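Asker: Below is the structure I would like to discuss, written out as structure tokens.
The values are calculated or read from the model by the stated rules, or taken from the named source; none is laboratory data. Predicted model only: the values in this text are computed from it and were never measured. Cβ placement follows ideal geometry from the backbone for every residue including glycine, while neighbour counts extend to all protein chains displayed.
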């Protein structure tokens, strides 16, 4: 059976942790920061883990990610 291909968009946007969870960048920080609260901006730094439902969508697109 041939190798399965990983979606290029997924390998650029997501990372799999050692426990198998999916890391993704925080949403909502591209523009419009003036109207957002400082608390929101502080909490939206770095990356976040996806919910179980979203993981179920992403994991099939990354067949060889740990």
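Asker: Filter the stretch 5-19 down to the residues that are in a strand (DSSP E or B) and either in contact with a helix residue (DSSP H, G or I) (Cβ under 7 Å, 6 or more places away or on another chain) or at pLDDT below 95 (or both) and list them by number.
Answerer: 14
Asker: Those residues that are in a loop (DSSP other than H, G, I, E, B) and either in contact (Cβ under 8 Å) with a residue 24 or more places away in the chain or closer than 23 Å to residue 65 by Cα (or both), I need them from the stretch 30-51; list them, please.
Answerer: Those that are in a loop (DSSP other than H, G, I, E, B) and either in contact (Cβ under 8 Å) with a residue 24 or more places away in the chain or closer than 23 Å to residue 65 by Cα (or both): 46, 50, 51.
Asker: What's the number of the condition residue 27 fails, among (1) within 15 Å of the chain's Cα centre (by Cα); (2) touching a residue at least 40 places away in the same chain (Cβ under 8 Å); (3) exposed (fewer than 11 other Cβ atoms within 10 Å of the Cβ)?
Answerer: (2)
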